[in-house]
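Undergrad: Would you mind keeping the following structure in view while I ask a few things?
The numbers here are math on the coordinates, done by the rules we state, and not lab data. This one's a predicted model, so the numbers in the text were calculated from it and none came from an experiment. Backbone-built Cβ (ideal geometry, glycine too); neighbour counts: all protein chains shown.
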Amino acid sequence: MSIIKSLSFDEICQRGTITDTDVQRLRSLFYDDAHISREEAEALFSLNNTCTNNDPSWSEFFVEALADYLINEVEPVGYLTGANADWLIQRIAHDGIVNAATELELLVAIIEKARWCPERLVRYALEQMEHAVIYGAGPLRSGGQLEAGRVTDADVEFLRRAIYAFGGDSNIAVTRSEAEVLFRINDATADADNSPAWGELFVKAIANAVMAASGYKMPTREQALHRERWLEERGDLSPAAFLAAIREGGIKGVREAYAEQTAEERAIARLEQQRIEIITNEEVTGGEVDWLVEWIGRDDQLTPNEHALLAFLKAESPALHPSLEPLLDRIDKAA
């Protein structure tokens, strides 16, 4: 039985608001039916786009129902294909931008729940944050936080959540797509009064990509990017203070979390990559070196966070890919 026929979606749209009673009825119908069709998923998006004054329970149901549909109802179960990712983006984007917090939450929830999704989906999520940071607009810039050109605490937590989500429980290195967005945010806010947590996240995320390119066995992203408790307690996390902490040997996470890969581990990693590519028909990237060399310190300029990144790598990484080693010589020149 069609859920659309069992409940008057048109009446709700004409009313322009979704009540808690509507949500309870929708939840009962959807979960009694046990399956969501593409037509019903489209109808939920229509409701969300049309109704603007909704009970808070609507957002939770909307995210839950559509994430379940895309991850557990659509083949291949557990994986998000490129075609389904494109379908999602077309429905939550307005001129390329996600303007509503509910739709942004859906985007991240799907990345979190999927065993794998196309890189371009997590890049798209991070680009929403890039837009918010640079232009001071978007769902995370509500409540008066409209300052452009600055990374806030909320921005850092969203970026961290999106990057964690894409990694899941797997040992997947930070990809080029993700890193390039972080580099652009870093460039745009190099001289701003950013959240103290931004520098640590940037350094650890890019260091993760560098270590992958250098042939190290990857930890989970949660291990690689976790917040250092002692840094939280320190209070001062300015780039200069973070750099001083690195030089004092206060951060030991990289050396402890990473290990050099054996030939067998490299072979297993390649097979896992091939398996995901076959299931999703999407290329899995990562481990390249040349683009990292080009991005770090472009135009012969090192931002404070890039300076901290190189100091971090020099202090914590026993061996890097030969193409990356000349970058470490720039630390003394920039000092």
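Undergrad: Calculate, for D55 and D10, the FRET efficiency according to 1/(1 + (r/R0)^6) with r their C-beta to C-beta distance and R0 25 Å; round to the nearest 0.05.
TA: Computed FRET efficiency for D55 and D10 comes out at 0.85.
Undergrad: Right, something else. Round to the nearest 0.05 the FRET efficiency obtained for T19 and E325 when R0 = 41 Å and r is the Cβ-Cβ distance.
TA: Computed FRET efficiency for T19 and E325: 0.10.
Undergrad: Give the calculated FRET efficiency between A192 and D153 to the nearest 0.05, with a Förster radius of 22 Å applied to their Cβ-Cβ distance.
TA: 0.95
Undergrad: Could I ask something else about it? Give me the extension gain from H35 to R120: residue separation times 0.36 nm, minus the current Cα-Cα distance, reported in nm with one decimal. List each step's numbers first, then the result.
TA: Working: separation 85, 0.36 × 85 = 30.60 nm, distance 2.75 nm.
So the extension gain works out to 27.9 nm.
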